[in-house]
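Following: one structure in structure tokens, then a few remarks.
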Amino acid sequence: MTPHAVIAGAGVAGLTSAVALHQNGWRVSVFDRAPVLEPLGAGLGLTPNALRALDVLGLGDAVRERGAVQETGGIRRPDGRWLARSDLAFIRARFGDPVVGLHRRDIITMLAAALPAGSLRTGVTVTSATRDGVVRTSEGELGADLVVAADGIGSRLRAALFPAHPGPVYAGYTSWRMVVPVPDYLVEATETWGRGTRFGLMHLPDGLLHLSANSVAPPRQRERDERQAVLRRFGHWHAPIPDLLAAVEPGQVLHHDVAELATPLPTFHSGRIVLVGDAAHAMTPNIGPACLAMEDAVTLGLLLPADRVAALDSALAEYTALRLPRAVVLARRARRVGLAGQWTWPPAVAARNLGIRFGGLLPASVTARALDGSVDWWPPSRSPAAPSARG
């Protein structure tokens, strides 16, 4: 009999897990509490590790074709002065792929299309699951050979599995995300760092730009007009930031407080339940958490093909052994980047900016090596042969 996997959550982590398991012989059921699969969000920057994960699913080339290659990068001050800038060709040269920008709706659509008809159900909430695979939903109860908790940073399943864990904590800053048309002049992909504030620009397909704005702020503060809140904080920064913010449509600003699992979980599995993505290792958005979620999903599928279901315990233990240490290291690294962006004391900000300037003088080969350990991941069944550059 074909083993059955129930996936709680139809975000990037859940859908990638469902595709990976389906392609490895599982019958999958994906449940999401949203009434319709609305791919909310803005842009995702997909690094070479994510593209390798998508290659396993046969989706990598479609993403490369669809995505917008990030050609340049750099960091500026709010007055526009460059602290560092670079040609990002060094990423492709070292890792075999560039960074590509894609709207979240594109990757959600691609993943959903790779699932068999009827396997994705919206408007259904997974309320609980037992370690022996009994799943309770808002529509009733069913059994599963595997339960994938992909229900995000506020995961109910994680909280039930680890009741003593402190759960997500506020990272100290809040984030706004927006998508606007590219203006009729050159806009370079950059980040601008101020005092406790950051603003990022990333190219997306179809002539669009992803804007992200971060600011130190108390948690749970919301305003009636979030667009005006962003303009007030960043509208006086260097061009083209004011023009881009003026182009944001009212009501099209996503605002979320940044939270993380600062205390790592002891394991990513228990019984028949396995955690992926933010449910397992929510981290600050400085090292591509969506890319890490894709790694999780593909690793799970490769370690647990349907014909290995009898060895589920050992396969899930191997999954935890591969994924947990990597998540802990990268969460720590992401946290350090976020903390540097939160500095507000002028001498500390000046020292940080000086460090960025000196770092920008390093050869591209040295800069590339700094990404080792994050974007140089390979799927567990593939040998890390030297990557060949793609055209």
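The values are calculated or read from the model by the stated rules, or taken from the named source; none is laboratory data. Predicted model, so just to flag it, every value in this text is computed and none were measured. Cβ coordinates were reconstructed from backbone atoms using ideal geometry, including for glycine residues, and neighbour counts include every protein chain displayed. Ligands, DNA and RNA are stripped out before the accessible areas are found, and what is left, the full protein with its side chains, is counted by its heavy atoms. Shrake-Rupley method; radii C 1.70, N 1.55, O 1.52, S 1.80 Å.
Worth pointing out:
- Overall shape of the stretch 9-80 was characterised from the C-alpha gyration tensor. The equivalent ellipsoid obtained from it has semi-axes of 30, 18, 9 Å, in decreasing order.
- Span-like helix check, the chain: qualifying full DSSP H segments, with Cα axial length of 30 Å or more and mean Kyte-Doolittle of -0.5 or more, are 312-342.
- With K and R counted +1 and D and E -1, the other residues having a Cβ less than 13 Å from that of VAL36 yield a net charge of +1.
- Counting Cα-Cα pairs of the chain in 10 Å increments starting at 0 gives whole-percent bin shares of 5, 23, 33, 26, 12, 3, 0.
- Relative contact order [Cα under 8 Å, 6+ residues apart], the chain, whole percent: 24 percent
- Charged neighbours of ARG85, selected by a Cβ distance under 14 Å, balance to 0 (K, R count +1; D, E count -1).
- By the Kirkwood approach, averaging reciprocal distances over each pair of separate Cα atoms, the stretch 107-244 gets a hydrodynamic radius of 19.0 Å.
- Value of relative contact order over the stretch 31-137, rounded to a whole percent, pairs C-alpha under 8 Å and six or more apart: 40 percent
- Accessible surface computed residue by residue for the chain, with neighbouring protein chains in place and a 1.4 Å probe, gives 44 Å² per residue.
- For the chain, calculated [θ]222 nm from helices alone, where every DSSP H run of n ≥ 4 adds -39500 (n - 2.57): -10500 deg cm²/dmol
- Split the accessible area of the stretch 284-391 by element, probe 1.4 Å, and carbon with sulfur accounts for 65%.
- To put it simply, the accessible area of the stretch 160-228 at a 1.4 Å probe is 54 percent carbon and sulfur.
- A viscosity of 1.002 mPa s and a temperature of 20 °C, combined with the Kirkwood radius over C-alpha pairs in the Stokes-Einstein formula, give the stretch 296-348 a diffusion coefficient of 158 µm²/s.
- Pairs of Cα atoms farther than 20 Å apart, the stretch 240-343, %: 51 percent
- With the Kirkwood sum run over all distinct C-alpha pairs, the stretch 261-316 has a hydrodynamic radius of 12.2 Å.
- Value of relative contact order over the stretch 157-240, rounded to a whole percent, pairs C-alpha under 8 Å and six or more apart: 29 percent
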